[in-house]
Amino acid sequence: MVLGLRNYIDMHLLSRSVSNTSLRAHSFWLSFALIPSISASSSSSFSSKCRAEPFSVPSQPPPVPKRVPFTLSLHGHSWQDPYHWMRNTSDPDFLNYLNQENSYAQAFMADTGSLQRTLVAEMKNRMPSKVSTPVECFGPWLYYEYIPEGKEYPVLCRRLQTNKPGWAEKILSYVKAEFRREEILLDWNEVAEKHGYVHVGQCRISPDHNFLAYTLDATGSEQFMLQIKDLRNGCIIPMEPVNGVVSLAWAQDCKTLLYTIADENQRPYRVLCTKLEPGNTDDTLVFMENDPSYCVDLTSTKDGKFITVNSNSRSSSEVYVVDATEPLNGLQRVHERVSGVQYFLEHHFGFFYILTNAPMKENIKCSHEGLYLARCRVGDIQSTTWQNIFYPGEDTCIQDMDIFNGHLVLFLNKDGFPMICSIDLPINVDCKHQMLIEDLNPWFFPIPSNSCSIEPGSNLDFMSSVYRVVLSSPVIPDVIVDYDMARRTFSIVQQEEVLGAPSNARSCSSGYELDTLQQHGIEKDAKDKNVELERWKDFSSTYCCERKEVISHDGIRVPLTILYSPKAWKSSQSPGILHGYGAYGEVLDKSWRVDRLSLLDRGWVIAFADVRGGGGDDPSWHKTGNGLLKQNSIHDFVSCGKYLIDEGYVQRDQLSAIGVSAGCLLIGAALNMYPNLFHAAILKVPFLDILNSLLDPSLPLTMLDYEEFGNPGIKSEFECISSYCPYKNIRPRGCHPSVLVTASFNDSRVGVWEAAKWVAKVRDSACSSCSPSVILTTNMSGGHFGEGGRYIQCEELAYDYAFLVKAMGVDMN
């Protein structure tokens, strides 16, 4: 895959977001003019009385931290921040305060213990005791992962292929199979047992399959250390400690490794080269990025011939290529950086294929502002003119690409729905006419009509004609599908097992999936009509998944996905949860989650608001919800919440909201502006004090986030951020929804003090009946991504759900 926004900035390496904690997330393959503020008076259609439920609260009052006068001034404005002192996380008073909050939260949730145990048991009973990925062919080996029975984390393994032709190879394979039937390359569980925490960033197998390079965080601070394992003897190669490593790439000699190092703000900015040679102690500097708004990333082209050094800001990019046979022979820049211009490339038989949004030639007319495909010869890499291959249609957006010996794979978004297609290579480009994708005889992969997410598998073999993806939706458990791009057929490899699943879950055949293509005006390929019937389990007969379009404040239609059980749901009487994110152009995750069944089967509604600022049909969806237009995100989210109530999906006063990291900006602002719309909320590792954080350039991500949220040093952007900043705009002397706030002490992306300050200030401001139901829990040893274990996740989710049940007074029987 091209390491563009899809796989770098927007895919969690340097954003205030968190990853899915499924087996897929552990996989080493994928390591791969101001809008006016919303007036609270406009929520008059909702109850304004104190809605504190008569639930039990601890006899002890909530903790009260010290207040230290502190004044900030900028652009003629001054404001007080009595909890600014919490920025010093080594202050004994702060540590004591966090421990007091943990004790209070434990006391608050004490009467939900039985419910939590019930929910955990339900979640675990739906999970098979052992899960594994299907094998993936890479060179002479078959690689795979599995989570051992009773364990939290995966194990990376491999074994030799046994289907080689010829008697000699068969004997060799037999001997290898007998004496080295399975090789364990990396066991996450061993690291977790040793250190108490494990987060593996990247894993890279050397081209000769003799070495495994990986990055390991054993504290939660995301200060990844480099480890290189000799797979021939199973030993870690001794070397000088290297910390702050972010990305890796092997050279073709299999003894030279390039890696990036982060600065004190966790911005990867240097590329270094190490050699696996005795006595090597000095690594060589290859590249350094001095612009603090740019981050450096490494990747290898699919054929392994080049290493690309990608220097990216949130909106611009610059790429250098390195000959993988001579990695220290210098870099060649592809194109100088231009503000707002992005480009990402792959290599195929003497050509660089380039995805870019660079301005097109004057004689080319195209209204699309997204990516299009171009190419240039390797010898013409520094040419200012690229050969345009084709452009997407006006209703289609190219999001990413992958490349193989005989095929080009494109990830698309058409009319708001994800799609994938393959195009045969080489491409005969007609320079005289503007070409569209349809002119190249693409094969659109058959996918379920209600699929919400498409994630690529490893697909490491450049010579393969089979492309592997993971399909998932709120009603389709993760299904791994192999698409044969040469034969234009597909086969289902594996689907997530759901124990105790409803008996009326149906299996869907190929005819059902292929209808997707016609819905978007795409003709079925003749070979599709004769494809072998394949089936996967679909729960759409048990759980209803609806996609609505909600009219926001300015007439824009906002996608809203609504999930519920028709059997358990009651019109205008059901509790509901609304998820939102709306940042970095990232699409809200709506993939299958088995834990949701515990709520759906009890009549809950779970909804997902794809607000502006997140991912959408094209880049404009992101641009119209960030910077000076950030309040569009909040309007969109509030509109979706109102829709759920007005249309009878959720009972009035029974709607809750969940946000994670930067998504908490959305939720926190909505709670301030419409305190009576939501009865409860959960804010996880929350980014809530955006104004003060962006005023501190010493914090990680601050400089990078100026492009996403604005620079408060600029007056107009300061005023915009001030207008919605959740911490700054907490309503004084008012009622407040019940809120569970979770934080991690070692979080390097969002400081733990943001959660603590927000909770303390809400307690200062909320009425005495509401304030006890705002609680804070802090993982004193974890980082931004939490523990992430398979069973630990069940316990965390059960805790979250139990809080909502208690806060909203829902009967769960």
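The values are calculated or read from the model by the stated rules, or taken from the named source; none is laboratory data. All figures in this text were calculated on a predicted structure; none of them were measured in a lab. With ideal geometry, Cβ positions are generated from the backbone for all residues, glycine too; neighbour counts draw on all protein chains shown. Ligands, DNA and RNA are excluded from the accessible area calculation, which covers all protein heavy atoms including side chains. Shrake-Rupley method; radii C 1.70, N 1.55, O 1.52, S 1.80 Å.
Reported count of residues in region 521-552, each being farther than 30 Å from Gly641 by Cβ and either modelled with pLDDT of 55 or more or in a strand (DSSP E or B) (or both), is 4.
Filtering region 772-789 to residues that are farther than 17 Å from Leu688 by Cα, crowded, with 19+ Cβ neighbours inside 10 Å and modelled with pLDDT of 90 or more leaves Pro772, Ser773, Asn779. Looking across region 187-210, the residues that are open to solvent by 10 Å² or more (accessible area, probe 1.4 Å) and part of a strand (DSSP E or B) come down to Asp187, His199, Val200, Gly201, Arg204, Ile205. For region 264-299, the tally of residues that are open to solvent by 50 Å² or more (accessible area, probe 1.4 Å), over 18 Å from Gln227 (Cα atoms) and polar (S, T, N, Q) stands at 1.
Restricting attention to region 317-345, the residues being within 22 Å of Pro292 (Cβ to Cβ), open to solvent by 30 Å² or more (accessible area, probe 1.4 Å) and assigned to a strand (DSSP E or B) number 2. Flag set for Gly279, criterion: on the phi > 0 side of the Ramachandran plot and not aliphatic (A, V, I, L, M). Residues that are closer than 20 Å to Asn99 by Cβ and in contact with a strand residue (DSSP E or B) (Cβ under 9 Å, 6 or more places away or on another chain) were ranked within region 761-771; the one that is surrounded by the fewest Cβ atoms within 10 Å (Cβ to Cβ) is Arg763.
Filtering region 211-253 to residues that are loosely packed, with under 15 Cβ neighbours inside 10 Å and in contact with a Lys or Arg (Cβ under 6 Å, 6 or more places away or on another chain) leaves only Ile236.
Considering region 587-668, the qualifying helices (runs of 4 or more DSSP H), each wholly inside and each with 1 or more residues that are over 21 Å from the mean Cα position of the chain (by Cα), run over 597-600, 631-646. With respect to the conditions (1) modelled with pLDDT of 95 or more; (2) among the aliphatic types (A, V, I, L, M); (3) on the phi < 0 side of the Ramachandran plot, Val685 lacks only one, and its number is (3). Tell me whether region 735-755 contains one or more residues that are modelled with pLDDT under 95, farther than 29 Å from Gly244 by Cα and open to solvent by 10 Å² or more (accessible area, probe 1.4 Å). Yes, the conditions are met somewhere in region 735-755.
Tell me, yes or no, whether region 553-560 has at least one residue that is open to solvent by 10 Å² or more (accessible area, probe 1.4 Å), assigned to a helix (DSSP H, G or I) and of a type outside the set (Phe, Trp, Tyr). Checking region 553-560: not a single residue is open to solvent by 10 Å² or more (accessible area, probe 1.4 Å), assigned to a helix (DSSP H, G or I) and of a type outside the set (Phe, Trp, Tyr).
Can you name the condition, by its number, that Asn310 falls short on among (1) open to solvent by 50 Å² or more (accessible area, probe 1.4 Å); (2) modelled with pLDDT of 95 or more? All conditions are met except number (1).
The numbered conditions (1) modelled with pLDDT of 95 or more; (2) part of a strand (DSSP E or B) are all true for Cys137 except (1). Filtered by the rule that a residue be open to solvent by 10 Å² or more (accessible area, probe 1.4 Å) and part of a strand (DSSP E or B), region 461-485 gives Val466, Arg468, Val470, Asp478, Ile480, Asp482, Asp484. So, Ser458, is that one farther than 29 Å from Ile556 by Cβ, outside the structural domain of Pro559 (by the TED database) and open to solvent by less than 20 Å² (accessible area, probe 1.4 Å) or not? Answer is yes for this residue. Quick check: anything in region 486-508 in contact with a Ser or Thr (Cβ under 7 Å, 6 or more places away or on another chain) and either more than 16 Å from Trp536 (Cβ to Cβ) or modelled with pLDDT of 95 or more (or both)? Yes. Restricting attention to region 445-455, the residues being open to solvent by 20 Å² or more (accessible area, probe 1.4 Å) and at pLDDT 85 or above number 1. Do we find a residue being farther than 24 Å from Asn626 by Cβ and in contact with a strand residue (DSSP E or B) (Cβ under 7 Å, 6 or more places away or on another chain) anywhere in region 680-696? For region 680-696, residues farther than 24 Å from Asn626 by Cβ and in contact with a strand residue (DSSP E or B) (Cβ under 7 Å, 6 or more places away or on another chain): present. Would you be able to say whether some residue in region 715-723 is of a type outside the set (Ser, Thr, Tyr), in contact with a Leu (Cβ under 7 Å, 6 or more places away or on another chain) and open to solvent by 10 Å² or more (accessible area, probe 1.4 Å)? Yes: region 715-723 contains one or more residues that are of a type outside the set (Ser, Thr, Tyr), in contact with a Leu (Cβ under 7 Å, 6 or more places away or on another chain) and open to solvent by 10 Å² or more (accessible area, probe 1.4 Å). The sole residue among Arg232, Arg314 that is part of a loop (DSSP other than H, G, I, E, B) and outside the structural domain of Ile205 (by the TED database) is Arg314.
For region 618-658, the candidate set comprises residues that are hydroxyl-bearing (Ser, Thr, Tyr) and buried (at least 24 other Cβ atoms within 10 Å of the Cβ); within that set, the residue that is farthest from Trp604 (Cα to Cα) is Ser633. Is it the case, given these coordinates, that Pro675 is touching a His at 6+ places or on another chain (Cβ under 8 Å), modelled with pLDDT under 95 and either assigned to a loop (DSSP other than H, G, I, E, B) or in the same structural domain as Val638 (by the TED database) (or both)? Taking the combined requirement at face value, the residue satisfies it. Within region 420-438, can one find any residue that is charged (D, E, K, R), open to solvent by 30 Å² or more (accessible area, probe 1.4 Å), assigned to a loop (DSSP other than H, G, I, E, B) and over 30 Å from Pro128 (Cβ atoms)? Checking region 420-438: at least one residue is charged (D, E, K, R), open to solvent by 30 Å² or more (accessible area, probe 1.4 Å), assigned to a loop (DSSP other than H, G, I, E, B) and over 30 Å from Pro128 (Cβ atoms).
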